[in-house]
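Below: the structure, in structure tokens.
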């Protein structure tokens, strides 16, 4: 297997607040630098796996997309509510929920950041005042809350995994045991 050492970074996973990575790694004489986080397949992994970096970058990416869509869905737009909702569901929400079966078990405070962003966008689309109840806004626009959306995406993902013939992939969909110290992504479903 050929490895391009100039594109490699090392990441040391630990739950400790302060950690010292092991000694310097080398591949073919090239030193591999240690990094606090790394982007892999569009998901930002940080050394503590608390998904803070990923959610921060996801919101940054969604804001950039919103800037592009702003002329269509701003408060003065003449676009219908249904069209604005469809634009949100097709172009913004996939950015927010990408790979959510992997990181969906993150702390509630992290998921809440995504919910706050969704609330702002839905208020903008619906031309709703700030005093509008969030449950009413979501119900009227027929958009689920972020936590339930992430949960349903995870449920679909793990249902598909159970149908795969590969035993290694199939075990990803098995519920965790009570003796495991850390939560696994499937714990999002409460199994």
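Every number in this text was worked out from the coordinates using simple rules, so none of it is lab data. This is a predicted model, so every value here is computed, not measured. Cβ placement follows ideal geometry from the backbone for every residue including glycine, while neighbour counts extend to all protein chains displayed.
When the Gaussian network model of the chain links Cα atoms closer than 10 Å, the mean-square fluctuations of 27, 87, 59 top out at 27.
Only Cα pairs under 8 Å and 6+ residues apart enter the sum, and on that basis the relative contact order of the chain stands at 16 percent. Within the set (i) 9, 38, 40, 12, 1; (ii) 8, 27, 29, 22, 10, 3, 0; (iii) 8, 31, 32, 17, 8, 3, 1, 0, the number that P(r) over Cα pairs in 10 Å bins from 0, in percent takes when calculated for this structure is listed as (ii). Does the stretch 50-159 come out rounded, prolate or oblate, given a ≥ b ≥ c as the square roots of the eigenvalues of its C-alpha gyration tensor, rounded meaning a/c under 1.5 and, failing that, prolate meaning a/b above b/c? Verdict is prolate for the stretch 50-159. Comparing 93, 16, 113, which has the greatest mean-square fluctuation in the GNM of the chain with Cα pairs linked when under 10 Å apart? Top of the fluctuation ranking is 16.
Measuring nothing but how far apart in sequence close Cα pairs (under 8 Å, 6+ apart) lie, relative to its length, the stretch 63-165 scores a relative contact order of 33 percent.
Among 29, 42, 84, the residue with the largest mean-square fluctuation in a Gaussian network model of the chain, with springs joining Cα atoms closer than 10 Å, is 29. How would you classify the stretch 1-52 from its alpha-carbon gyration tensor, with a ≥ b ≥ c the square roots of the eigenvalues: rounded for a/c under 1.5, else prolate if a/b is greater than b/c, otherwise oblate? Judged from the Cα gyration tensor, the stretch 1-52 comes out oblate (a/c at least 1.5, b/c at or above a/b). Going 7 Å from the Cα of residue 147 toward and past its Cβ, which residues in the stretch 74-111 have a backbone nitrogen under 17 Å from where you end up? Output list for this probe position: 101, 103-111.
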